[in-house]
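Worksheet: one structure, shown below.
The values are calculated or read from the model by the stated rules, or taken from the named source; none is laboratory data. Since the model is a prediction, treat every value here as computed from it, not as a measurement. Because the Cβ atoms are built from the backbone with ideal geometry, glycine has one as well, and the counts that use them run over all protein chains shown.
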Amino acid sequence: MSESQFIPVTREGFRLTRERFTLPKDTSALDPKSKRAVTICNLFINHKLGIRDIVRVLDEDQERVIVTLLDEGIILDRRDANLKSTTGQERRKIKTVLSVLRR
């Protein structure tokens, strides 16, 4: 494997899209919702805080933190990857075939 190939990094079961988050130069011009999103991304990527820690520090709910990280493109939606196996078949189809074969 060459060094130029991207090796996905995972944290807390999510695939990261980057290793650094660049903060905007002037966060004072951002609206409160955008400031919160920047703060969540900065804590998760640059400070390596876990989702539970961010929830606790910012008094935010876990779903909102995860949705923010998804919306900002920091993490990839793991539901996309979990629906298909390495062969491209959906898991539920494979489970159905296996249950029929076991009978």
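Observations on the model:
- Output for the range 9-34, where each listed residue is under 17 Å from His47 (Cβ atoms) and over 10 Å from the mean Cα position of the chain (by Cα): Val9, Arg18, Glu19, Arg20, Phe21, Thr22, Leu23, Pro24, Thr27
- Of residues in the range 52-64 being among the β-branched types (Val, Ile, Thr) and touching a helix residue (DSSP H, G or I) at 6+ places or on another chain (Cβ under 6 Å), the one surrounded by the fewest Cβ atoms within 10 Å (Cβ to Cβ): Val55
- Qualifying residue in the range 57-65 (condition: in contact with a Phe, Trp or Tyr (Cβ under 9 Å, 6 or more places away or on another chain), under 20 Å from Arg78 (Cβ atoms) and part of a helix (DSSP H, G or I)): yes
- Candidates Leu76, Leu43, Leu49, filtered to the one that is closer than 21 Å to Arg18 by Cβ, at pLDDT below 95 and surrounded by 11 or more Cβ atoms within 10 Å (Cβ to Cβ): Leu76
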